[in-house]
Amino acid sequence: MMKRIIVGIKRVVDYNVRIRVKPDGSGVALDGVKMSVNPFDEIALEEAIRIKERGLAEEVVVASVGPTDCQAQLRTCLAMGADRALHVHSDTPTEPLTTARILLKLIEREQPFLVLLGKQAIDDDNGQTGQMLAALWARPQATFASKIVLAEGKAQVTREVDAGLETLEVDLPAVVTADLRLNEPRYVKLPEIMKAKRKPLETLSVESLGITPRVQLRTVRVDPPPQRQKGMLVENAAELIAALKAKGLLAS
Amino acid sequence: MSAAILIVAEHDGSTLAAGTAKCVACAATVAQAEITVLVCASDAAAVARQAAQLQGVHRVLTVEHPVHAHPLAAAIAPQIAALAAPYTHVFGPSSTFGKDLMPRIAALLETAQVSDIMAVESPRRFRRPIYAGNAIVTVEVPEDAKVVGTVRTASFPAAGTGGSARIENVAPPAEPPAHTRFVSSSAAKSDRPDLQTAARVISGGRALGSAEAFQMLYRLADKLGAAVGASRAAVDAGYAPNELQVGQTGKIIAPELYVAIGISGAIQHLTGIKDARTIVAINKDPQAPIFEVADIGLVGNLFEIVPQIEKLL
Ligand SMILES: Cc1cc2nc3c(=O)[nH]c(=O)nc-3n(C[C@H](O)[C@H](O)[C@H](O)COP(=O)(O)OP(=O)(O)OC[C@H]3O[C@@H](n4cnc5c(N)ncnc54)[C@H](O)[C@@H]3O)c2cc1C
Ligand SMILES: Nc1ncnc2c1ncn2[C@@H]1O[C@H](COP(=O)(O)O)[C@@H](O)[C@H]1O
């Protein structure tokens, strides 16, 4: 059987964009906003490609659930070095549990030995899909990975946790979610973008996978965050200390 | 209808983590809540005693199994899922422990999760940050679903102590899987205040330029009884260890005083400090975005200013 890695890719608002909340509170203004591959997914993909380059995997498959537009991000991933792309078409955003159910169907079809996702998507900041997928699949999870070492049938994953670093050993197949320091993704070169146009990209419908999307959470409204008042400027260290004392933050 | 809330305790085997008291405070804002804290441990006695003292806790449940000597989500989630039936809500802290664990529980319960709860509007309606805190969404969980959520600990005070809830031991309802094993952890032990709970935090950015220069911040922090934090750029450059990172992908903190030194104020960094009471910025660039949120700003060279402050303290 082909040694395969599946990488989950979400199309999100580029991390450099300063988003605006719509005045009617219905959501975030997305018209004409630059979209990109979720940065953590780019890191997950880079890791998958490196594993393949080391001869430890034979095929890297990227998968994205989303509107037709997310094929642009899948093409970027093919240009980065993925071999094949799966696009599961959904015009409405899917909740993490539904996304996980869909990814599980793809896993059953593709039989990967490793599934790499980002630790969170930077639009909804949910940070749920990988853990949900691992639960539904009844397989190990190693979240917030900063290092992955593969051995026969196993992986040692170093995780970034609040106290420092933790290392787990998991049996494969498993779900691993990427943290920022796992690697630095490569830049895509122009010839690769041309070549990527010829790589296979298959589109599937949610229904064809036997899934009925469930929307559980109702969005009541979206508000801008409370703004902090612009404060004062001081001239030097002595004035700074005086200002802190005046606020009662330093003993006078 | 009253709410029965189950809170998953975070601990290191002997001490209850501060985030648990914050989950209790969050749960206590749900109307008519009856709060149960659940401790999964290899030996739960000490942690259970601490949980029983938290104000507002009605009951503490303990599940003891050798595998719970380390907090493995794959081992804990099935225990919680098996015990969750009588509860309307299951909460955990939005620490790396809770972020790892709670979605696994939610999936086993086939329910959606509300991540990073920052305010409770009603028993089923919550406010949470999205887009790195640049928007706040209010979401509602339907009546027929259990509420599973992580609590943004920076948004809540810690519940007080002095309570005396009863403690009950229950046999592990599920056999933990063998596919996930703890290998090691490198928790950096330090005598300094903990970044996540400290009242004062001194943070350094890329401008520090070296790990040696960061020592200057440690000295200042020691004088102020402060914890030390860092921007991602400073961590990536190796000036500070990764557990000091503050921001969207690091720690979200709410100290009384936050001092940002040589940090530009990228949105991903600001996400981590939005709830700080007072923000002080020292930066040589008057246009740096950090000044838009700083209560007190000082434009200048940190290598001159920091030693001056140290001398004046
Ligand atoms: C998905 C994602 C997640 C991220 N998560 C985080 C996160 O959790 N936390 C985080 O911090 N970042 C995060 N980042 C990175 C973030 O976008 C910024 O790159 C980072 O915060 C910049 O760090 P900095 O302010 O130290 O460096 P810079 O932006 O380089 O700023 C250095 C500042 O120092 C000032 N300076 C230089 N010399 C001096 C001097 N001698 N005296 C005084 N001032 C001086 C400069 O004027 C400048 O403003 C994330 C990025 C992405 C894409
Ligand atoms: N629509 C999607 N299609 C493919 N992968 C996704 C999708 N949504 C989330 N993921 C993956 O799950 C990770 C965590 O997302 P989230 O739980 O939404 O924060 C992301 O970094 C992706 O790797």
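Name the longest site-free stretch of chain A, where the excluded sites are GluC sites (Glu not before Pro) in a DSSP loop with no more than 15 other beta-carbon atoms within 10 Å.
Answer - A:59-151.
Report the trypsin sites (Lys or Arg not before Pro) located in region B:135-190 that are in a DSSP loop and have at most 11 other Cβ atoms inside 10 Å of their Cβ, or state none. Walk me through the intermediate numbers first.
Working: sites: B:Lys146, B:Arg152, B:Arg166, B:Arg181, B:Lys189; in loops: B:Lys146, B:Arg152, B:Lys189.
Those satisfying the criteria are B:Lys189.
Could you size up the charge dipole of region A:1-51 around its Cα centre, putting +1 on the beta carbon of Lys and Arg and -1 on that of Asp and Glu, and report it in debye to the nearest 20? Intermediate values should be presented prior to the final figure.
Values: 9 positive and 7 negative charges, 17 e Å.
Dipole size: approximately 80 debye.
Please identify, among A:Val33, A:Val65, A:Val88, the residue showing maximal mean-square fluctuation in a Gaussian network model of chain A using a 10 angstrom Cα cutoff.
Taking springs between Cα atoms under 10 Å, the residue moving most is A:Val33.
Between B:Ser155, B:Ser164, B:Ser186, where does the largest GNM mean-square fluctuation fall for chain B, given springs only between Cα atoms within less than 10 Å?
It is B:Ser186.
Let me know the Kirkwood hydrodynamic radius for region B:3-170, please, with Cα pairs as the basis and the value in Å to one decimal.
About 15.5 Å, per the Kirkwood formula over Cα pairs.
In degrees between 0 and 90, to the nearest 10, how far off the longest principal axis of chain B does helix B:211-224 point, with axes built from Cα atoms?
Rounded to the nearest ten degrees, it is 70.
Exceeding 27 Å between C-alpha atoms, which entries from my cross-link table qualify? They are B:Lys284/B:Lys311; A:Lys52/A:Lys147; A:Lys147/B:Lys284; A:Lys189/B:Lys284; A:Lys119/B:Lys22; A:Lys22/A:Lys230.
Those over the limit are A:Lys147/B:Lys284; A:Lys189/B:Lys284.
Which value in nm describes the separation of the simple spin-label points at B:Ala211 and B:Val183, placed 7 Å from the Cα toward the beta carbon?
Simple spin-label model gives 2.2 nm for this pair.
In which sequence would A:Val215, A:Val12 go, from the one with the fewest C-beta neighbours within 10 Å to the one with the most?
A:Val215, A:Val12
So for the pair A:Asp91, B:Lys311, with labels modelled 7 Å out along Cα→Cβ, what separation do we get in nm?
6.9 nm
Enter the angle in degrees (range 0 to 90, nearest 10) between the Cα long axis of helix A:39-53 and the first principal axis of the Cα atoms of chain A, meaning the one along which they spread out most.
40 degrees
Using a 7 Å offset from Cα along Cα-Cβ at B:Gln55, what residues in region B:146-170 end up with backbone N under 12 Å from the label point?
Counting backbone N atoms under 12 Å from the label point, the list is B:157-163.
I need B:Thr249, A:Thr68, A:Thr167 ordered by Cβ neighbour count within 10 Å, fewest first.
A:Thr68, A:Thr167, B:Thr249
Using a Förster distance of 25 Å, how high is the FRET efficiency between A:Thr212 and A:Met35, based on the Cβ-Cβ distance and rounded to 0.05?
Efficiency at R0 = 25 Å is approximately 0.40.
What average number of partner chain Cβ atoms lie no more than 10 Å from the Cβ of the residues making up B:67-75?
3
Taking every DSSP beta bridge with both residues inside chain A, roughly what % is antiparallel (nearest 5)?
Percentage antiparallel, nearest 5: 40.
Fewest first, what order do B:Thr96, A:Thr177 take by the number of other Cβ atoms within 10 Å?
So the ranking, lowest neighbour count to highest, is B:Thr96, A:Thr177.
Quick one: grab Rg to one decimal and Dmax as a whole number for the protein assembly as shown, Cα atoms only, in Å.
23.5, 72
How many Cβ atoms of partner chains, on average, are near each residue of A:21-27 if near means within 10 Å of its Cβ?
2
What angle, in degrees between 0 and 90 and rounded to the nearest 10, separates the Cα long axis of helix B:302-312 from the longest principal axis of the Cα atoms of chain B?
So the helix axis and the longest Cα principal axis differ by about 80 degrees.
Laboratory data are not the source of any read-out in this text; all were calculated from the coordinates shown. Quantities reported herein were computed from a predicted structural model and do not represent experimental measurements. All Cβ positions, glycine included, derive from the backbone under ideal geometry; neighbour counts span all protein chains shown.
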